[in-house]
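The values are calculated or read from the model by the stated rules, or taken from the named source; none is laboratory data. Everything numeric here is computed off the predicted structure, so don't read it as measured data. Ideal geometry is used to build each Cβ from the backbone, glycine not excepted, and the neighbour counts take in all protein chains shown.
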Amino acid sequence: MKTFRKHAAALGLLAVAGLAVGCGAPDGDATVTDAAAPTVQNAAYLAPAEPEGAKGVGEVKASAEDGDEVTVVGLIGGDRAPFVDGLAAFTIVDPKVPYCAADEGCPTPWDYCCQQDKVPANSATVKLVDENGELVAEGAKALLGVDELAEVVVRGTAEKDDAGNLTVVARQVYVRK
């Protein structure tokens, strides 16, 4: 088990080292920051390779059942504050939903203020858990080195409530460059 963790940590460190620093311009570029210096802790939560078969949030939300294994792609956003303070949890929105452009007068394009009617059917919550299945008690923004509008691919277990809200419980997140 220790050998596996060492290899997983090394691969994660390579993934972190390969992240490009983005500027977050509303031209569609995902935003990745250098906020998370490579450590064994955050490397364990960064997937070293993109999971295959990712589908947009809207498609997964419409078809997944509670307990299904899903692979979903989305942009961090959907709210003014998409990150949960102090916890590795955040919301994502289907990449097919356009976020607001700077010329639309929106100071926080990741809240999709120009597309709010499309957000509910195309958004999900991501919860990053540790090896014991416990929610990681560290902010995802720093832990993963991401900002709003970063594009992520998450593989995990779908949890759906009676209202149809989707949460993906995952062990790792892949950040697209």
If you scan segment 159-172, which residues turn out to be crowded, with 16+ Cβ neighbours inside 10 Å and over 14 Å from the mean Cα position of the chain (by Cα)?
Glu159, Lys160
Cys100 meets each of (1) within 17 Å of the chain's Cα centre (by Cα); (2) assigned to a loop (DSSP other than H, G, I, E, B) with one exception, condition (1)
One residue is enough: does segment 34-44 have a residue meeting the conditions farther than 23 Å from Asp130 by Cβ, of a type outside the set (Val, Ile, Thr) and modelled with pLDDT under 95?
yes
Filter result (within 23 Å of Val119 (Cα to Cα), touching a Leu at 6+ places or on another chain (Cβ under 7 Å) and either hydroxyl-bearing (Ser, Thr, Tyr) or not in a loop (DSSP other than H, G, I, E, B) (or both)) within segment 136-177
Ala140, Glu151, Ala158, Lys160, Ala170, Val173, Val175
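Is it true that some residue in segment 105-112 is part of a strand (DSSP E or B) and not charged (D, E, K, R)? Give the derivation first.
Narrowing segment 105-112 to residues part of a strand (DSSP E or B): none.
No.
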Residues of segment 137-158 satisfying the condition of being buried (at least 21 other Cβ atoms within 10 Å of the Cβ) and farther than 15 Å from Ile76 by Cα:
Gly156
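Here is a yes/no grid of residues against (1) surrounded by fewer than 18 Cβ atoms within 10 Å (Cβ to Cβ); (2) free of Cβ contacts under 8 Å to residues at least 60 places away in the same chain; (3) aliphatic (A, V, I, L, M):
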residue	(1), (2), (3)
Glu52	yes, yes, no
Gly58	no, no, no
Thr71	no, no, no
Leu75	no, no, yes
Thr91	no, yes, no
Lys96	yes, yes, no
Asp103	yes, yes, no
Which of the numbered conditions does Asp111 fail, given that it passes all the others? Conditions: (1) at pLDDT below 95; (2) surrounded by fewer than 16 Cβ atoms within 10 Å (Cβ to Cβ); (3) not hydrophobic (A, V, I, L, M, F, W, C).
(2)
List every residue pair whose Cβ atoms lie under 7 Å apart, where the two residues are 6 or more positions apart in sequence or sit on different chains, the first residue falls within segment 111-131 and is without any contact (Cβ under 8 Å) to a residue 40 or more places away in the chain, and the second residue, located anywhere, is surrounded by fewer than 16 Cβ atoms within 10 Å (Cβ to Cβ).
Asp111/Arg80; Cys114/Glu104; Gln115/Pro98
